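The values are calculated or read from the model by the stated rules, or taken from the named source; none is laboratory data. It should be emphasised that the depicted structure is a prediction, and the values quoted were computed from it without experimental measurement. All Cβ positions, even for glycine, are placed from backbone atoms using ideal geometry, and neighbour counts span all protein chains on display. These area figures cover heavy atoms from the full protein model, side chains too; ligands, DNA and RNA do not enter into them. Shrake-Rupley method; radii C 1.70, N 1.55, O 1.52, S 1.80 Å.
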Amino acid sequence: GTDTVMVMVRESRNTLRYLLEQPFFSLCSFPPEFHDKLYYCGRHSGRDVNKVQVCGFSPAQELGAPYFKEASTVYICRKLYSGTIDPTSFSDRELFHTWYETGVHAGDNHRFFVGQVARVLKNNG
């Protein structure tokens, strides 16, 4: 069988642009000591600050997909499919309302991507 992943990204995220443009993407898993740096990355936009520089990450590429050398495991994935969340497909309409029609994320739907795992890189550090 084919190993696949599914990734969901809000339409407002800077990352979405790269996922739409490139045929490959990466998923990086980091050791616990990177928690604070990853928390910082989750709280700041790449539009406003160079997170790679602030966190001291070392960028690399595989099959054109960027990743960070500090990651313990990297999945390089070939994009197979992308789609947008469809409110009519929710079994629980109230859940859609809570996630996408209220609060700070009102109107900020997710795009989802299915990727085929093409390579797995391990950093035994």
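For region 50-98, give me each residue that is charged (D, E, K, R) and under 30 Å from H35 (Cα atoms).
K51, E62, K69, E70, R78, K79, listed by residue number.
Does V120 satisfy the criteria of being of a type in the set (V, I, T) and open to solvent by less than 50 Å² (accessible area, probe 1.4 Å)?
no
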Looking at region 44-62, is at least one residue touching a Leu at 6+ places or on another chain (Cβ under 9 Å), farther than 24 Å from M6 by Cα and hydrophobic (A, V, I, L, M, F, W, C)? yes
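Only strands (runs of 3 or more DSSP E) wholly contained in region 18-125 count here; list those with 2 or more residues that are in contact with a Ser or Thr (Cβ under 6 Å, 6 or more places away or on another chain) and of a type outside the set (D, E).
Values: elements: 24-29, 59-62, 65-68, 73-84, 110-122.
Answer list for region 18-125: 65-68, 73-84, 110-122.
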Next item on the list: Test F57 against the stated conditions and say whether it is surrounded by 14 or more Cβ atoms within 10 Å (Cβ to Cβ) and touching a residue at least 24 places away in the same chain (Cβ under 8 Å).
Entry: no
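Would it be correct to say that T73 is open to solvent by 60 Å² or more (accessible area, probe 1.4 Å) and either modelled with pLDDT of 95 or more or in contact with a Lys or Arg (Cβ under 8 Å, 6 or more places away or on another chain) (or both)?
On the way: open to solvent by 60 Å² or more (accessible area, probe 1.4 Å): no; either modelled with pLDDT of 95 or more or in contact with a Lys or Arg (Cβ under 8 Å, 6 or more places away or on another chain) (or both): yes.
The answer is no for T73.
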In region 1-11, residues that are more than 13 Å from C77 (Cβ to Cβ) and at pLDDT 90 or above total 4
Quick check on F113: is it surrounded by 15 or more Cβ atoms within 10 Å (Cβ to Cβ), at pLDDT 90 or above and out of contact with any Gly (no Cβ under 9 Å at 6 or more places or on another chain)?
no
